[in-house]
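Working notes, structure below.
The values are calculated or read from the model by the stated rules, or taken from the named source; none is laboratory data. Just so we're clear, the structure is a prediction, and the values are computed from it rather than from any experiment. Virtual Cβ from ideal backbone geometry, glycine too; neighbours counted across all protein chains shown. We work out accessible area using only protein heavy atoms, side chains counted, and drop any ligands, DNA or RNA first. Shrake-Rupley method; radii C 1.70, N 1.55, O 1.52, S 1.80 Å.
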Amino acid sequence: MHVPDGFIDAPLSVVGGVIATVGVGVCLRGARRELDEKTAPLAGLVAAFVFALQMLNFPVALGTSGHLLGGTLAAVLVGPYTGALCVTVVLTVQALFFADGGTTALGINITTMAIVTTVVGYGIVVLLRALLPARPASVVPAAFVGALISVPASALAFVGFYALGGTTGLSLGGVLVAMVGVHVLVGIGEAVITALTVGSVVTVRPDLVYATRSYEQPLEIRHTEQAA
Amino acid sequence: MSAGHHHHLYLDRASLIHRLPPQCKIAAVVLFVTAVVTTPRGSWWPYAVYVLALGAVAAAGRVPAPTILRRMIIETPFVLFAVILPFASPGPKTDVLGLTLSATGLESAGILLAKGTLGVVASILLAATTQPRDLLLGLQRLHMPQLLVQIMTFMFRYIEVVLGEMNRMRVARESRGFDARHVGHLKVVAQSAGALFIRCYERGERVHLAMLSRGYTGRLPVFADARSSTGQWAMAALLPLVAVATTVAAWATL
């Protein structure tokens, strides 16, 4: 859920803003290594893509609905730093322009939905990639698990903020069970869509998937024997 | 976002608010919402002042009330959440129309709805009076990091590409008799998402090369002189000033 204005108290919104600013600063430094002139538009495309995916709401349980977060997908496609920046841009545009998620809660939304999802999701991808056979197709199951866990992790981060600065007085246990419960289900949907998207991109254009870069073979030039 | 590309959120009017430089409007919205959020618990009159202030902005920007009301549908998820609060919150109970409700829950729900709705309306007014391209320029002038501005520029540019391809693929699926009914169909939708990505990337690559060949260097070209004068900043400051004064008064009279 995009946190609206007034849901988390002002001091903690500032804390969220500080965490988000530091996180985005780190990502801006890191993204310089990931991006070159050719990949800058790729980052924009990933942001547009995540934006389009976030518009697909699917019903979860009890009349609530969830939508994809896209953090793991973005991290796998363009790298963790740039991925987090892509989701940050999406959240900023949604808050300022589409009124989805509060302007003062933007720091909290960036922390939970851009930073936590990419750190957790991509961390798991890197971990699993080391365990799985060294070929590009291994990224697909890794992305599945990464996405699966990143969504409840994001919900957990939200509950953390709520515990420290929630304004609504609901019991913490109830919020924890409801948020994490719903987001385990959202995580399954996220995992399926992330894995199938990454799967089809890996099959057709593995060069567009950042997470497969470690498998790239250096270009080998073989010379034929010159006839004397 | 060149001329001729009009975003569906933008209302093309000639008004005082439309003419304000985008950086002033963004700063005003952020400050206004911050003031609203810091309103103390227990005083209700400030919200009336905020609503009047936003109403004045809407009138000055010639944004009709039905448009604002229609766009407020975005806040449905947290309205639903607010409805649950009086039933789920602990604390002393009161009777309202025969229902036993939590008093603190009722108060929390009211505050959440008031603050959340004001934030939503402020964003709606910004979007209705500012073109996406100007929003980018405004953020650039407010010193948002260049890389973020660049990603955002491409995002706005590619949203149309993504939505166009998405629509084309949906028509293709449906003309072959596809109708998403149960969970098993998720696979088809997700595979379309993969194909969508590759098709968009390949189109996006051509768009980018076309931009580079026309001299794109990564920064947005500034066509009109959109620097902001002191007078414009003073006018944009009216809304947040009213809000800040109201919040301060509310804290003082608490």
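Quick notes on this structure:
- Taking Cα atoms only, the orientation of helix B:230-252 departs from the longest principal axis of chain B by about 40 degrees.
- Per residue solvent-accessible surface (Å²) - the protein assembly as shown, probe of 1.4 Å: 46
- Of all accessible heavy-atom area on region B:1-153, the percent that carbon and sulfur account for (1.4 Å): 71
- Taken as entire DSSP H runs, the helices of chain A that both span 27 Å or more between Cα atoms along their own long axis and average 1.6 or more on the Kyte-Doolittle scale are A:139-165, A:172-204.
- In degrees, nearest ten, helix B:146-175 long axis to first principal axis of chain B (Cα): 70
- Modelled FRET efficiency - R0 30 Å, B:MET169 with B:ILE73, Cβ distances, 0.05 increments: 0.70
- Contact surface B-A: accessible area buried, both sides summed, square angstrom, 1.4 angstrom probe: 5000
- Mean Cα-pair separation over length for region A:10-210, i.e. relative contact order, pairs under 8 Å, 6 or more apart, %: 24
- Cα gyration tensor shape of region A:77-215, rounded if a/c is under 1.5, else prolate or oblate by comparing a/b with b/c: prolate
- For region B:39-114 and region A:1-35, distance of Cα centres in Å: 26
- Reduction of at least 10 Å² in accessible surface, 1.4 Å probe, comparing all protein chains with the chain by itself, residues of region A:2-33: A:PRO4, A:ASP5, A:GLY6, A:PHE7, A:ALA10, A:VAL24, A:LEU28
- Heavy-atom accessible area, probed at 1.4 angstrom with all protein chains present, ranks B:HIS18, B:HIS143 as B:HIS143, B:HIS18, highest first.
- Folded to 0 to 90 degrees: helix B:132-141 orientation relative to chain B principal axis, Cα: 70
- The shape of region B:119-195 comes out prolate: with a ≥ b ≥ c from the C-alpha gyration tensor, a/c is at least 1.5 and a/b beats b/c.
- Whole-Å distance, taken between Cα centres, linking region A:153-221 and region A:64-108: 12
- Estimated at 0.36 nm per residue, the fully extended path between B:LEU241 and B:LEU142 surpasses their Cα-Cα distance by 33.7 nm.
- Under 13 Å from B:LYS25, Cα to Cα: aspartates and glutamates that are on another chain or at least 8 residues apart: B:ASP134
- In summary, the aspartates and glutamates within cross-link reach of B:LYS93, defined as a Cα separation below 15 angstrom excluding same-chain residues under 8 places away, comprise B:GLU107.
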